[in-house]
Structures are given as C-alpha cells and as structure tokens.
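Quick notes on the structure that follows.
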C-alpha cells in the first residue's frame, strides 16, 4: 500500500486524534491572530456590505437558535449562523490569505466554528484555537499538494479548499472519531463546489458572499456524520474522489502528510493591510512608494503599465470592465481601480469602494490609463508580487517593483496593527462597537486560551 492509498485515513486520524494540549504556543498565537482578524472583518461586513443582507434575512427567517449572527442582535440555528456569517467573511475581501497556494483558508472555517462554539457549549478557548489551527493547516496543505490547477477544470479553488478545512475544524468540536471524520469529508465532497464563472459575470456578487455555502455545508456535514451517516473510504484519493474530480488525480501526498501535526501552516498566513484581492496589494504598495518618493499626483501621470503574471491577469481582464467595475467586489478584484484608489487617496480603506467611489470620474480617469504586461516567467508563486512603470506628463519614467507585498509573514502586520484593524472594523458593524468595547473584545481574543467557554467570553464583550 502506497502513501496515497490511505491518505484519507491518515488525514482523518490526524483531525480526530491530535491532542489540543500538544499545540505549540506559537501556533496558538497564530490562531488568535486569525480569529481576531476574521471576527473583525465579519463585523465590518455586517454593516458595510449590502450583499450580505439577503443572507442575514434568510437566516433570521429560519427561526431562533443558539448561534449568533455577528453584528446583529439575533441568534439562529448553527447552520444558518454559519451561512450568514460565511457571507460576511469574504464580502469585503479583507480576510487573511495564504500566498503560497493562493486562497483564504479561514473564510469558511471561522463562521462554522463560531456557530458550533455557541451551539455546543462549553467549548474552551484552547479547543477552538486547536480546531482553527488544524482546519486551516489542512486547507493550506490541500492547496500545496495540487499538481494540476483546479482552474483548468473550470473551478474556483478558495471556497472548495476552504470547505475541507472548515469541516475538519467543526469535526474536532463535535469530537468525531476517525471514521466519522472521513464521513464528514465525504459529505462535504458532495457539496463543495464553486464554478470559475464567478470571475466572468459583470454584475454578480456571488464572488463576495461565496463562503456562505462552504461554511453552512461544513456545519451540516459534521452534524450528519455525528448522527451516523456513512461516507466513502477514500474521499480524497479515491478513484472518483477529491483529487480525481478537481485535479485529474494529479497531486503530491507528501505535501499533505510531511510534518502533519508538527508544522502548522497557520503560522504562514498573510494578513491584509488593504481591503482588496491579495493580488492587487503589490500595486497599491508600489503606487504609495512612488508617491512618497517622488510626490506624484494623479494629474502628473500620463500612463501606467502594471506588470505581473498569470494570477494577476484575472485582475485586469477584461480591461474595460476592470477599468470601470460595476460592483464593489469587482473593484476589489481590479488592478486598475485599486491603482486609481491608491493614487487618488492617502490610504486605501473600506471607504475606497463605496458606490460613490465606483462612479468617481477622477478615479475612473486614472484607471483608464492602466494597461497590463505579463511576465511569462512568473508562475503562481508570484501571486503577491507586482511592478509598475509610470510615464509622467513631464517625460519622467518611474518604475517600482514589489516582490512580496506587505502582510506576508516575512513582512507581517504586528499584533498592535491587527488590533487597530479590528477596532476600525468593529465600529462599522450593523450594531457598532465603540472603541472601548472593541478593545475589550480584542483583549478577550488575545487571552482566549484561558477561556473555559468561548461563547460566553465572546458574548460578554
């Protein structure tokens, strides 16, 4: 029997049997960073994103339950809380990311585990943080293991990969055994999907609220597994399992199993300084650097060439649409628009993507000057890189290259910066938190490993 022949069993045993007390302090801290950041982003989306409101209304209409809809004075069934909060998790495109295999491993996971922490009280802080660390790590490892891009089959990877991390985390909170974890993976395999079409339709907002579906499915799948629904022996490596369906069977199992339970990739996450697709960050940073060094103003710029690779191409094509995006989420996935925002404003913030900002003539004029040049030697590993060539009206040619944009673990945001980001996000919630209340809640997250009941700890702040 080869290493790939019992992959599902090895993963399931790890998810079920990894001891919470064995989690290193550095990993606990990384999990707290992810939780604080994700919680803040969801709170902000509850007030800032109109796209999430149908999901909140749908969840509230389902009836009362134990699990909170973040930013709202409402509690619903855990599956519906995960659904509503999942819609919030990516709506602002401000959540953490994993640059090495581009994705958002906690966007479905955090809504799911928070719903279960409310429903299955008491869940201790260490239990919750361990579930986050184990699930996030699995989602990252699945992405790294692929030897054929999921996009080649027409799929959109982040919500699909994130679904498996989310169900692993929820399975731990249900205390499922290894066989039940495999059942939960089987059940999520029956539901985890996201077509690449969300990249191409001009008016859709599905790209914003996409994590609602895997978050809800993760809660449902683990619950059904706990009730005895039997799944497949090989949901990952089987002849028609995950890797066959999504990557034509082309994967490297050692990328999943090497160091499993010893090295946690949650320590290698990127936390966003700017609320836009990670692939735009190098260009935002490049513009800001040129402004600081040369005093560039919008009126000074004749033309801008953005240089990048295949990953960045989806952020600039079709060019006319990206130069004048119709929705906030499309603007956040637009190199021309984010360049325009960075050039026009002192800082790119959540206020840079309001309806008024999307129709601002001055910004659209800047975006119209942006074109693209692809570097054929850049692969997916360069997803956080980018360069600019500016031609000024006075004849100056200015270049700026960013190899790894701010927020990467080699250029991290500090704990203090994450707290400040959280405070700003919390004040934007549907039911806003004042600064004192937000800082109290942040303090509770930073000390969450001491909590015996996460739901009580987070509800009181």
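The table that follows gives values for the structure above.
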quantity: Where residue 326 falls short, out of the listed (1) in a loop (DSSP other than H, G, I, E, B); (2) at pLDDT 95 or above; calculated: (2)
quantity: Some residue of the stretch 208-221 being touching a residue at least 24 places away in the same chain (Cβ under 8 Å), part of a loop (DSSP other than H, G, I, E, B) and over 20 Å from residue 106 (Cα atoms); calculated: no
quantity: Selected residue (only one of 65, 71, 47 is surrounded by fewer than 24 Cβ atoms within 10 Å (Cβ to Cβ), in the same structural domain as residue 220 (by TED's automatic domain parsing), outside any helix (DSSP H, G or I) and in contact (Cβ under 8 Å) with a residue 12 or more places away in the chain); calculated: 65
quantity: Out of 418, 388, sole residue that is part of a strand (DSSP E or B) and surrounded by 14 or more Cβ atoms within 10 Å (Cβ to Cβ); calculated: 388
quantity: Counted residues, the stretch 174-195 - those being crowded, with 18+ Cβ neighbours inside 10 Å, over 13 Å from residue 8 (Cβ atoms) and under 20 Å from the mean Cα position of the chain (by Cα); calculated: 2
quantity: All positions within the stretch 144-173 that are surrounded by fewer than 24 Cβ atoms within 10 Å (Cβ to Cβ), in contact with a strand residue (DSSP E or B) (Cβ under 8 Å, 6 or more places away or on another chain) and in a helix (DSSP H, G or I); calculated: 145, 157
quantity: Meets criteria (outside the structural domain of residue 143 (by TED's automatic domain parsing) and either out of contact with any strand residue (DSSP E or B) (no Cβ under 6 Å at 6 or more places or on another chain) or in contact (Cβ under 8 Å) with a residue 24 or more places away in the chain (or both)) for residue 261; calculated: no
quantity: Test result for residue 316, assigned to a loop (DSSP other than H, G, I, E, B) and surrounded by fewer than 21 Cβ atoms within 10 Å (Cβ to Cβ); calculated: no
quantity: Selection within the stretch 274-311 - assigned to a helix (DSSP H, G or I), touching a strand residue (DSSP E or B) at 6+ places or on another chain (Cβ under 9 Å), surrounded by fewer than 23 Cβ atoms within 10 Å (Cβ to Cβ) and in contact (Cβ under 8 Å) with a residue 60 or more places away in the chain; calculated: 289, 290, 294, 300, 310
quantity: Identity of the residue in the stretch 397-410, loosely packed, with under 15 Cβ neighbours inside 10 Å and out of contact with any strand residue (DSSP E or B) (no Cβ under 8 Å at 6 or more places or on another chain), that ends up nearest to residue 147 (Cα to Cα); calculated: 403
quantity: The stretch 356-385: number of residues that are in a loop (DSSP other than H, G, I, E, B) and at pLDDT 95 or above; calculated: 4
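Residues checked against (1) modelled with pLDDT of 95 or more; (2) closer than 22 Å to residue 214 by Cβ; (3) more than 17 Å from the chain's Cα centre (by Cα); (4) in a helix (DSSP H, G or I):
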{"site": "7", "(1), (2), (3), (4)": "yes, yes, yes, yes"}
{"site": "15", "(1), (2), (3), (4)": "yes, yes, yes, yes"}
{"site": "26", "(1), (2), (3), (4)": "yes, no, yes, yes"}
{"site": "34", "(1), (2), (3), (4)": "yes, yes, no, yes"}
{"site": "56", "(1), (2), (3), (4)": "yes, yes, yes, yes"}
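The values are calculated or read from the model by the stated rules, or taken from the named source; none is laboratory data. Worth saying up front: this structure is predicted, and the values here are computed from it rather than measured. Every residue, glycine as well, gets a Cβ built from its backbone with ideal geometry; the counts of neighbours run over all protein chains shown.
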